[in-house]
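Colleague: Here's a structure for you.
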Amino acid sequence: MAIGCSWFSGRIRPAGREEQVLHAMKGSLWVDDNPNRLTEISGQLMDEVRFGGGFLGHLDKSGTFDVKQEPVRWQSSLGSAAH
């Protein structure tokens, strides 16, 4: 199931750095119905985000991101010990 989302609202003033980024982005979420897990999130910054007035850092407008969760198979590289 894919969900389009936009957290932008002119009435909400973000309190922290994470909220500043969420406030400036729009994107999509993908949720696997079984077992109700977030499988992918992608988005784009609609506004520049500045930290400390830009002195501490900034994220450019139109920056994009894509995060995908996939199953990982564990395989040990260690052999069994010889007796």
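Colleague: Sequence-distant or interchain residues sharing an amide H contact under 5 Å with M46, placed H: which?
Modeller: Excluding prolines and chain starts, which carry no amide H, the hits are M25, K26, S62.
Colleague: Using only the C-alpha atoms of the range 16-58, find the volume of their convex hull and express it per residue in Å³. Intermediate results must be reported in sequence, preceding the final value.
Modeller: Numbers: hull volume 3.3 nm³, N = 43.
In the range 16-58, the Cα hull volume divided by residue count equals 78 Å³.
Colleague: Can I ask one more? So how far apart, in nm, are the two label points at D66 and K26 if each is 7 Å from Cα heading toward Cβ?
Modeller: With each label point 7 Å from Cα toward Cβ, the separation is 1.9 nm.
Where a number appears in this text, it was derived from the coordinates with a stated rule and is not lab data. Just so we're clear, the structure is a prediction, and the values are computed from it rather than from any experiment. A quick note on method: Cβ atoms are made from the backbone with ideal geometry, for glycine too, and the neighbour counts reach across all protein chains shown.
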